[in-house]
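**Q** After the C-alpha cells below, expect a handful of questions from me.
The values are calculated or read from the model by the stated rules, or taken from the named source; none is laboratory data. Model, not experiment: these values are computed from the prediction. Cβ coordinates were reconstructed from backbone atoms using ideal geometry, including for glycine residues, and neighbour counts include every protein chain displayed. Remember, those area values only see protein heavy atoms, side chains included, never the ligands or the DNA or RNA. Shrake-Rupley method; radii C 1.70, N 1.55, O 1.52, S 1.80 Å.
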Amino acid sequence: MLLPLPDGEFKAYLFDCDGTITDSMPAHHRAWLAALGEWGGDFPEELFYAWGGRTVVDVITDLNTRQGLSMPVAEVAARREELFQAMLPQIGAVPGVLEHIEASYGRIPFAVVSGSTRESVTASLSALDLLDRFAALVCAEDYARPKPDPEGYLLAARLLGVDPADCLVFEDTPLGVAAAGAAGMRYVLVPPPWDR
C-alpha cells in the first residue's frame, strides 16, 4: 500500500533511514537492550520510541544521567552497532516507503538524512540492496545539530541542488517531522510498526 503523499510536485525525496526506509526499529531496540545490559543499563521500549531520531551519543549520555551509570559512550555505541549489524539479514524495508522509492527512482533524486552513523546507514541500505538509489547520504557525522534542527535536511537539499520548498521528507519520528518543518519542507509521516 502506497503511503499517501501531499498534493504538489516535488523535485527531491529525502528519507530518514531507520524506521522509515528500513523496518529496523525493533532490531535496534533489541541491540540497545543487549549492549546496555552488559553495563547494567536499560532502555524501556516506550522511551526508545519517544527518543526516536536522537543520536546514539545523546541517548547513552542521557541514559547514564537518568540511571546513575557511567557507561563508556564510545564502547557502548560500538557494541550496539555490532549487535545491530548482526541482525541486518533479518531486516526488511518498510513496504509503503519502498513502493515510493521503486516508483520514483530515476525520476527525481533521493537523499537519506539520518541521525545514525554513515557506517550504520550504509550497512542497512546495502543489506536491502538500496544503497545505489540515493544520490546523497547525510549522516550523524555530517552535521552539528541533530533533529529537530533542520541542518541535516537543509544540507541534503543543497547536496541535491534542490530548493528546500521542493523537497518531500519521509519521516517516522516527531523529531524528524519537526526538522522537516523547520527546513520549510513538506513531509509524510511513516506509521510505526504496530500501525502498519
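**Q** Normalised by the number of residues in the range 12-76, what is the relative contact order in percent for Cα pairs under 8 Å and 6+ residues apart? The partial results should precede the final answer.
**A** Values: 34 pairs, mean separation 16.1, N = 65.
Relative contact order comes out at 25 percent.
**Q** Only Cα pairs under 8 Å and at least 6 apart count here; give the relative contact order of the chain as a rounded whole percent.
**A** Working: 320 pairs, mean separation 59.6, N = 196.
Worked out over the chain, it gives 30 percent.
**Q** Follow-up. So what does TYR187 come to for accessible area, using a 1.4 Å probe and Å² rounded to 10?
**A** Only protein atoms counted, so the area is about 100 Å².
**Q** While we're on this one: In what order, largest first, do VAL56, VAL76 sit by accessible area if the probe radius is 1.4 Å?
**A** Values: VAL56 30, VAL76 0 Å².
Greatest to least solvent exposure: VAL56, VAL76.
**Q** Using Cα pairs under 8 angstrom and six or more residues apart, how large is the relative contact order of the range 59-173, in percent?
**A** Values: 89 pairs, mean separation 23.5, N = 115.
Worked out over the range 59-173, it gives 20 percent.
**Q** Turning to a different aspect of this structure: Using modelled amide H (1.01 Å from N, peptide plane; none on Pro or chain starts), what sits under 5 Å from the amide H of THR117, excluding residues fewer than 5 places away?
**A** It is ALA140, by chain and number.
**Q** Shifting gears a bit: Leaving ligands, DNA and RNA out of it, work out the accessible area of HIS28 with a 1.4 Å probe and give it in Å² to the nearest 10.
**A** Surface accessible to solvent at HIS28 totals approximately 10 Å².
**Q** ³J(HN,Hα) across the range 30-39 via Karplus (A = 6.51, B = -1.76, C = 1.60, θ = phi - 60°), whole Hz, x for Gly/Pro?
**A** So the Karplus estimates, Gly and Pro as x, are 4, 5, 4, 4, 5, 5, 5, x, 5, 10 Hz.
**Q** I'd like the carbon and sulfur percentage of the solvent accessible area for the chain, probe radius 1.4 Å, heavy atoms only, ligands and nucleic acids excluded.
**A** Values: 4860 of 8920 Å².
The computed percentage sits at 54.
**Q** Treat each spin label as a single point 7 Å out from the Cα along the C-beta direction, and report the ASP195 to LEU69 distance in nm.
**A** Output for this residue pair reads 2.9 nm.
**Q** Let me ask something else. To the nearest 20 Debye, how big is the dipole of the range 112-175 about its Cα centre, given +1 on the beta carbon of each Lys and Arg and -1 on that of each Asp and Glu? Intermediate values should be presented prior to the final figure.
**A** Values: 5 positive and 11 negative charges, 15 e Å.
Charge dipole, the range 112-175, about its Cα centre: 80 debye, nearest 20.
**Q** Nearest 10 degrees is fine. How inclined is helix 151-160 to the longest principal axis of the chain, computing both from alpha carbons?
**A** Roughly 40 degrees, rounded to the nearest 10.
**Q** A further question follows. Ranked highest first by average number of other Cβ atoms within 10 Å, how do 9-19, 103-113 line up? Before the final figure, lay out the partial values.
**A** On the way: 9-19: 22.8, 103-113: 18.4.
My ranking of the peptides, most packed first, is 9-19, 103-113.
**Q** How much solvent-accessible surface does THR117 expose, in Å² to the nearest 10, with a 1.4 Å probe and all protein chains in place?
**A** Only protein atoms counted, so the area is about 50 Å².
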